[in-house]
Amino acid sequence: MSLLTNWGYTLTTLEALPDFITVEEFSAYTGNKYAGDARIAGAIAAASQGIRDRVGWHLYPTAPCKLETVGIDKRITKTLYGLQIQLPAGYVTAVSRVNIDGIDLTNFSLETSGILRVYNAGCRLNSAIVIEYTAGLPEGLLSTIKDIAATRAVKPLAQTFGVNSETAGGLSISYNSAWATDTSASLLQSAETAALEPYSLRGFF
């Protein structure tokens, strides 16, 4: 059971990524205004994927990951102490294995931003590199992501019916003329993009 992600690494214990909010949570956010609407699940899925595409990694849940790559590339640089590797994920909580050319290395340090420093290590252009690590936000750190997902998912549902403003549960949205042409749950707006900036990958991706 594994999932090759869009971002060049594998989630080794998952076959699919969950949405950031459930239909039940969405109903709570919107005061059940769209209860029974068959489009809700699709809108939530599109919003979740749009968020992940923007930040450049799976974001949630916390899960084991594996990066397999060959040789020096933009993510891997030689340094005076060895190698610096930018893992293609944020909120990295552990690295369980660093293997270069079949040899497991144990002298390394990690930053939660995904920067891995491997000491006294070399790398050739054709070196086989395998890194196993754990990354992803826990449920308790998802409040901002859930807000964005709910806000993004509700927009196409309301706009379909020509609504210019919307109040549903804790959400209050006004739609300007530019927004009125946007009925895609996955197409993030500037305020949503700005709110996601702290979760976005830094580095060469």
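The values are calculated or read from the model by the stated rules, or taken from the named source; none is laboratory data. Nothing here was measured: the structure is a model prediction, and the numbers come from that model. Note that each Cβ is placed from the backbone with ideal geometry, even for glycine, and that neighbours are counted across all protein chains shown.
Answer yes or no as to whether D73 is among the acidic types (D, E), surrounded by fewer than 19 Cβ atoms within 10 Å (Cβ to Cβ) and not assigned by TED's automatic domain parsing to the domain that holds N126.
In short, no.
Could you tell me whether E68 is part of a strand (DSSP E or B) and out of contact with any Gly (no Cβ under 8 Å at 6 or more places or on another chain)?
Criteria met by E68.
Scan the range 5-21 and give yes if some residue there is hydroxyl-bearing (S, T, Y) and under 20 Å from R117 (Cβ atoms), otherwise no.
Yes, that holds for at least one residue.
Go through (1) crowded, with 20+ Cβ neighbours inside 10 Å; (2) without any contact (Cβ under 8 Å) to a residue 60 or more places away in the chain; (3) under 16 Å from the mean Cα position of the chain (by Cα) for L83 and report which single condition fails.
L83 satisfies every listed condition except (3).
Restricting the range 98-151 to residues that are under 30 Å from E192 (Cα atoms), in a strand (DSSP E or B) and of a type outside the set (A, V, I, L, M), which is nearest to the chain's Cα centre (by Cα)?
Taking the candidates together, the pick is T134.
Enumerate the pairs (first residue in the range 49-73 and without any contact (Cβ under 8 Å) to a residue 60 or more places away in the chain; second residue anywhere and of a type in the set (D, E, K, R) and part of a loop (DSSP other than H, G, I, E, B)) with beta-carbon separation below 9 Å, excluding pairs fewer than 6 apart on the same chain, so at least 6 apart or on different chains.
Pairs found: G71/R124; I72/R124.
Does A180 satisfy the condition of being within 30 Å of A35 (Cα to Cα) and either at pLDDT 80 or above or surrounded by fewer than 17 Cβ atoms within 10 Å (Cβ to Cβ) (or both)?
Yes, satisfied.
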